[in-house]
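Presented below is the structure to which this report refers.
Just so you know, all these numbers are worked out from the coordinates, no wet-lab data involved. All values reported here derive from a predicted model rather than from experimental measurement. We place every Cβ from the backbone using ideal geometry, glycine too, and count neighbours over all the protein chains shown.
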Ligand code: 3HC
């Protein structure tokens, strides 16, 4: 019915095909979890090398999941991996990949202009009913959505690293997101066997809004010489039940990512300035290239790629 202009013209949306842009840690994780739960998925990146890396991330994670789900049954493990991989296509052709998507999830570089450019293109080629969302952790969804004419079908789906393991997804609605779109996003999360929480389009949503200032305050404790990173980590693991202490977590997330988030929030001015005040220790480590696990050195040294200290 093409004469209706209300958002209900697109309802009800049942998502079957998902296209994920970005084959990094987050993108690959989202592709994997979708495929594990019977969605047909296309993973898109700029070149075959990036896609190969994404596939490798998925394969090694799937092996872990398979071993856990089917212990001592190599046959079932292989079947699970093969069935899941069979649901995943890869592509470097953004337009073609958008054309058969019911839902597009963007997990590319955290750059507003780049994301806007991508969505502006996708808006022109994707079907009318296609829902768009971003996995951004630091940019306003509303700003990204502005690049499209489908702000009612635009929201946020914020996953957590490691995606196959972390049960939460923050589902973000802007003032323009329609109820039908939002409901469809919640439904997708549940079908991915994740637990969704509803968030407004605010800096850091829920998790990072709390986690980032907490990590910054941990840095200040160490910078003032009040405790060592090791003791702070031990304290929060054994005293507060966190799986990782704030310094282990900072190394895990990436110190550059943390700095990018706080610098962005400071500029934006929506978060209390004291919570995101710069910390010299963080800026110095990032300037040195000590970015955490991915560079082999952060607050702790890491032997081998992604290895533990
Ligand atoms: N794929 C599949 N499974 C994985 C996995 C992966 N990549 N990584 C870990 N797992 C599973 C393991 O198989 C294991 O499963 P089991 O307990 O059911 O057997 C479980 O996770 C625990 O793994 P390990 O025993 O190897 O290691 P740990 O017990 O040290 O747990 C951890 C690792 C899950 C990463 C845990 O330390 C943790 O939860 N850390 C906190 C992570 C966190 O806070 N993430 C959010 C970061 S913020 C973010 O992502 C937002 C962004 O926008 C900045």
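Where does each of 294-300, 122-128 land if you order them by average Cβ count within 10 Å, highest first? Working shown, then result.
Values: 294-300: 19.6, 122-128: 16.1.
Answer by packing, highest mean first, reads 294-300, 122-128.
Label-point separation (nm) for residue 238 and residue 165, each offset 7 Å from Cα along Cα-to-Cβ?
2.1 nm
Which whole-number percent gives the relative contact order of the range 197-309, counting Cα pairs below 8 Å spaced six or more residues apart?
It rounds to 22 percent for the range 197-309.
Report the full-extension gain for the segment residue 91 to residue 228: residue separation times 0.36 nm, less the Cα-Cα distance, to one decimal in nm.
44.7 nm
Going by average Cβ neighbours within 10 Å, how do the peptides 225-235, 159-169, 175-185, 144-154 rank, with the highest at the top?
Ranking, from highest mean packing down: 144-154, 175-185, 159-169, 225-235.
Just the number, please: percent antiparallel of the DSSP beta bridges in the chain, rounded to the nearest 5.
15 percent
Taking the 0 to 90 degree range and rounding to the nearest ten, how far is the long axis of helix 74-86 tilted relative to the main principal axis of the chain, both from C-alpha atoms?
For helix 74-86, the angle is close to 60 degrees.
What FRET efficiency do you get for residue 200 and residue 112 if R0 is 25 Å and r is their Cβ-Cβ distance, rounded to the nearest 0.05?
Once rounded, the FRET efficiency stands at 0.85.
Which of rounded, prolate or oblate describes the chain when judged by the alpha-carbon gyration tensor and an a/c cut-off of 1.5? Show your work: numbers first, answer last.
Numbers: a/c = 1.93, a/b = 1.31, b/c = 1.47.
Note, shape of the chain comes out oblate.
By how many nm would the segment from residue 67 to residue 284 grow when fully extended, if each residue of separation counts as 0.36 nm and the alpha-carbon distance is taken off?
Length difference between fully extended and current span is 74.0 nm.
Can you put 92, 174 in order, fewest other beta carbons within 10 Å first? Numbers along the way, then the final one.
Numbers: 92 13, 174 20.
Ranking 92, 174 by Cβ neighbours within 10 Å, fewest first, gives 92, 174.
Return one number: the angle in degrees, 0 to 90 and rounded to the nearest 10, between the long axis of the Cα atoms of helix 179-191 and the longest principal axis of the Cα atoms of the chain.
Result, in degrees: 70.
Under the definition of Cα pairs under 8 Å and six or more residues apart, what whole-number percent is the relative contact order of the range 7-200? Mind dumping the intermediate values first?
On the way: 370 pairs, mean separation 45.4, N = 194.
Computed value for the range 7-200: 23 percent relative contact order.
Sorting 57, 13 on the 10 Å Cβ count, fewest up front, what's the list? Before the final figure, lay out the partial values.
Working: 57 22, 13 19.
Lowest to highest Cβ neighbour count: 13, 57.
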